[in-house]
Structure formats: structure tokens, C-alpha cells
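K.L.:
Let me give you the structure first, and then I'll get to my questions.
The values are calculated or read from the model by the stated rules, or taken from the named source; none is laboratory data. Since the structure is predicted, the reported quantities are computational estimates derived from the model, not experimental observations. All Cβ positions, even for glycine, are placed from backbone atoms using ideal geometry, and neighbour counts span all protein chains on display.
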């Protein structure tokens, strides 16, 4: 249900992002209320003082371009972190894939049980 | 916030000019400062921290400019990614304090009653967003604030498209729960 809900919600957000319709269409009573608030609650926060301060900081900053080796190391670290996430955190699997995998497993179990029975039957006959 | 081919090409030209002349970076800075600053602010709820992380993000952008390779993806996606990594690093830095929101939202031109209600709702929502787990918060902000697609959010967060879908779904469900509890 969660995965199907995630697919649904994602499509609604995409429609909203494309400006085709309100995000909460078809979601009455199912997260629609939150989408409605969310769609208007995150405006950009202009802060001219901060912008000017950061500009001064950047002007005083002497950029040190990084070497290709350093960039390579950074990418390798990113990949290790990514791998860690895959291992330690729950990664989303679409419900159709999960259902097919479960069906395959069931078929495999039934096939093994049937072959065993058949094997036992043949042994008792001989 | 989706960019047309012409806009992307213009952005490509801006990046190329900045690579040849760092002074031209100013245009990219002006274009993206508010987006990155607001994004970081919604994450941490502190203007001071938002300013620091935004400054570090643009410093990094300046450093990486000579090695930057254009892949037809908006430059903002790369900046959001750097800001996200810096935020994560900042979270790991002890001691971590949960900061309270310290800035009012910009006023909207509305009827006083509806403006007040809207402001109340916005503030509750922002409080709830700050309480979300970092990954859910990042996915939600990239989706709603930056207007990115799942695939783009996945590229920024180094996660699969499906994982992003699930993160956003959980974030929205958690927000709903948090807002209910607040009422």
C-alpha cells in the first residue's frame, strides 16, 4: 500500500509541478490537505543583507581549484556513502517488482516440494 | 521551475563565461543565491547557519568551476547537491543544537484573516518540516521548493527514483500526522 501510495502521490506532485492542476486533486482525505498547504508555504526568502555579506566573503576568497585526483577521491567517497545507504537504509522497491518476486518465490517453493514428493514416490516404487 | 532548452543553453553560456572570467560568476551568484539560501534556511531554521552554508556552497562552486562539466542539467541541481552535502556534514559536527526559526516569512498581500491563517499554517508546516528525518526533509524540499522531478532529486541525493518517491511519501505522511497533533 505504501508503495502504491508513493506512486500515486508522485504523479499528483508531477501534475502540480507542471501547473496542470492542483496537487490535491483525487487525494481528498488522503494527504491532499498537506499538499494544499505545502504548495503555498515555501516561498523564496530574499535576504539582501545576507546576499551582500556572502558576496563580500566570496570576493575576499581566493579559489583553489582542486586537482583531478582530489575530485576522484571525492567521487569515490560519495560512492562509498551511497553504498552504505543501500546496505543500512531501506531502499524503495516498486510494488509490482515485489509482487513478481514473491510470486516467483512461491512457484519455486511449490516446484521444489513437488519434485521432492515425486522423488520420494519413485524411490518407494523401486 | 522547469527550464526550457533556450534557458538551459543560456545557463550553459553563463557557466562557460564564468570559467573563462571568474568575475562573470557574479551572474550565476545573483541568479541562484535566493534559491540556495532559502533551501538551506528551510532545512535548518537559522539565518546565520543558512548564510554560512550558502557561502560555503558558492565557494565550492568557484573552486570547482574549472572542472565543471556541462551535462544539460540546471546548474541549480549541482548547487543543491553541494548545499545538501554541506548540511549533512554540518549535522554531524558536534555539538548539534536544534535551532528555532528566527525569521518571519515575507508578508503576502491577502485579506488579513486569510493572511493570518496562511501564516499560521506556514509556520506550523515549517516547524514540522524541521522535525522530519534529514533525508525525508531534503527530498521534500527539493521536490516542493526546488520543483524537481524524482529523477532529478535522485541525482542530487544519490538515491534511486523509487527511493525518492518513498521518501517524499513518508515525509508528507509524517507532516500530516504532525499537523494533526498540533491542532
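K.L.:
Check B:49, B:59 and return the single one that is within 24 Å of residue A:74 (Cβ to Cβ) and either assigned to a loop (DSSP other than H, G, I, E, B) or facing chain A (nearest Cβ under 9 Å) (or both).
P.N.:
Details: B:49 fails: either assigned to a loop (DSSP other than H, G, I, E, B) or facing chain A (nearest Cβ under 9 Å) (or both).
That would be B:59, the only listed residue that is within 24 Å of residue A:74 (Cβ to Cβ) and either assigned to a loop (DSSP other than H, G, I, E, B) or facing chain A (nearest Cβ under 9 Å) (or both).
Quick grid of which residues meet (1) modelled with pLDDT under 75; (2) within 11 Å of another protein chain (Cβ to nearest Cβ); (3) surrounded by 13 or more Cβ atoms within 10 Å (Cβ to Cβ); (4) more than 25 Å from residue B:128 (Cα to Cα):
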{"position": "A:1", "(1), (2), (3), (4)": "yes, yes, no, no"}
{"position": "A:32", "(1), (2), (3), (4)": "yes, yes, yes, no"}
{"position": "A:62", "(1), (2), (3), (4)": "yes, yes, no, yes"}
{"position": "A:67", "(1), (2), (3), (4)": "yes, yes, no, yes"}
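K.L.:
Let me ask something else about it. Kindly indicate the residue of segment B:1-39 that is surrounded by 12 or more Cβ atoms within 10 Å (Cβ to Cβ) and not in a helix (DSSP H, G or I) and also nearest to the other protein chains (Cβ to nearest Cβ) among those meeting that condition.
P.N.:
Among those that are surrounded by 12 or more Cβ atoms within 10 Å (Cβ to Cβ) and not in a helix (DSSP H, G or I), it is B:2.
For (1) under 18 Å from residue A:9 (Cα atoms); (2) part of a helix (DSSP H, G or I); (3) touching a helix residue (DSSP H, G or I) at 6+ places or on another chain (Cβ under 8 Å); (4) within 9 Å of chain A (Cβ to nearest Cβ), each residue gets a yes or a no:
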{"position": "B:130", "(1), (2), (3), (4)": "no, yes, yes, no"}
{"position": "B:136", "(1), (2), (3), (4)": "yes, yes, yes, no"}
{"position": "B:152", "(1), (2), (3), (4)": "yes, yes, yes, no"}
{"position": "B:164", "(1), (2), (3), (4)": "yes, yes, yes, yes"}
{"position": "B:167", "(1), (2), (3), (4)": "yes, yes, yes, yes"}
{"position": "B:176", "(1), (2), (3), (4)": "yes, yes, yes, yes"}
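K.L.:
Report, by residue number, each residue of segment B:62-73 that is touching a residue at least 40 places away in the same chain (Cβ under 8 Å) and either in a helix (DSSP H, G or I) or within 15 Å of residue B:33 (Cβ to Cβ) (or both). Working first, answer last.
P.N.:
Restricting attention to segment B:62-73, the residues satisfying the condition of being touching a residue at least 40 places away in the same chain (Cβ under 8 Å) are B:62, B:65-66, B:68, B:70, B:72-73.
Those that are touching a residue at least 40 places away in the same chain (Cβ under 8 Å) and either in a helix (DSSP H, G or I) or within 15 Å of residue B:33 (Cβ to Cβ) (or both): B:62, B:65, B:66.
K.L.:
Hey, another quick one. Of the numbered conditions (1) at pLDDT below 90; (2) facing chain A (nearest Cβ under 9 Å); (3) buried (at least 20 other Cβ atoms within 10 Å of the Cβ), residue B:65 fails exactly one; give the number of that condition.
P.N.:
(3)
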